[in-house]
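Here you go, one structure.
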């Protein structure tokens, strides 16, 4: 099977240098990667200076105004030089053969490829967050089993596109993550539009990314806010439930406790958006 060179876009906003360093180290050794584009929206110049200090030809530093994650990804699509373009995040570490597994998964009518996003806990969370399969999706984790197959959705920390098939499709800026809020859903919307074009989304379980989860995201306060913005996102996407993030999940007592604790902020987000922001509801 042919192995096409790929571009990788890493979006960052004031992320710690040690996370950037770990992410880049996991990417630099992979021959399938043609270029690594650092899309930086930081207010400070720490990341810019760090990239320039590395002085590695494969790394391209690009500054983009802090308008949000979707805008940064769209700019990454615009400036990349290869047909296959993959996205990951500054707090992610990719598997040794990640790029090759991404590249070889593209075939006729395959517009999007992705794989597993597994947790790398900086500190072990409470039992609810650790054991609830429902919580996994809100940590941007994704595991659809051990088989290569067509799916409805891929997550942004492990998300690649064939530029020749997505044509002029972009991530919608008003539903992407921005500094100061935890909005999401830009990948869900993107995947829905691609499916409507009768193009394929392929899940390759061998294309693995580890998402580093810092201690502040193991707190109830963070998850409460995350669920609130997830409710807003669902309303903006038309109210339809999001696809599964864990295949064959065996729901348990921890899932029940998660629903009990966090259905309230989720519902508040939905209701607030429907009642007071009906003009920004998503239309496909």
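The values are calculated or read from the model by the stated rules, or taken from the named source; none is laboratory data. The shown structure was predicted, so the numbers you read here are calculated from the model rather than taken from an experiment. Virtual Cβ from ideal backbone geometry, glycine too; neighbours counted across all protein chains shown.
Scanning region 17-35 for residues that are assigned to a loop (DSSP other than H, G, I, E, B) and loosely packed, with under 15 Cβ neighbours inside 10 Å, which turns out modelled with the lowest pLDDT?
Here the residue is 29.
Kindly evaluate residue 230 against the criterion of being in a helix (DSSP H, G or I), at pLDDT below 95 and under 23 Å from the mean Cα position of the chain (by Cα).
In short, yes.
Then there is this: Among the residues of region 73-82, which ones are touching a strand residue (DSSP E or B) at 6+ places or on another chain (Cβ under 8 Å) and either in a helix (DSSP H, G or I) or under 18 Å from residue 23 (Cα atoms) (or both)?
Selection gives 73, 75, 76, 77, 79.
Hey, another quick one. Give me a count of the residues in region 51-72 that are within 22 Å of residue 25 (Cβ to Cβ), assigned to a helix (DSSP H, G or I) and touching a strand residue (DSSP E or B) at 6+ places or on another chain (Cβ under 9 Å).
Total meeting the criteria: 3.
While we're on this one: Answer yes or no: is there a residue in region 39-56 that is in contact (Cβ under 8 Å) with a residue 40 or more places away in the chain, closer than 24 Å to residue 188 by Cβ, surrounded by 23 or more Cβ atoms within 10 Å (Cβ to Cβ) and in contact with a helix residue (DSSP H, G or I) (Cβ under 9 Å, 6 or more places away or on another chain).
Within region 39-56, none of the residues are in contact (Cβ under 8 Å) with a residue 40 or more places away in the chain, closer than 24 Å to residue 188 by Cβ, surrounded by 23 or more Cβ atoms within 10 Å (Cβ to Cβ) and in contact with a helix residue (DSSP H, G or I) (Cβ under 9 Å, 6 or more places away or on another chain).
Quick test for you: out of 275, 237, pick the one residue that is buried (at least 20 other Cβ atoms within 10 Å of the Cβ) and modelled with pLDDT under 90.
Just a single option satisfies the conditions, and that option is 237.
For region 175-190, which positions are over 12 Å from the mean Cα position of the chain (by Cα) and either part of a strand (DSSP E or B) or farther than 20 Å from residue 64 by Cα (or both)?
Result: 189, single match.
Out of all the residues in region 154-174, which are part of a strand (DSSP E or B) and crowded, with 23+ Cβ neighbours inside 10 Å?
Matches in region 154-174: 159, 160, 161.
Follow-up question, since we're still on this one. Among the residues of region 109-122, are any part of a loop (DSSP other than H, G, I, E, B) and more than 29 Å from residue 252 (Cβ to Cβ)?
yes
Next up: Has region 134-148 got at least one residue that is within 19 Å of the chain's Cα centre (by Cα), touching a residue at least 60 places away in the same chain (Cβ under 8 Å) and surrounded by fewer than 15 Cβ atoms within 10 Å (Cβ to Cβ)?
Yes, that holds for at least one residue.
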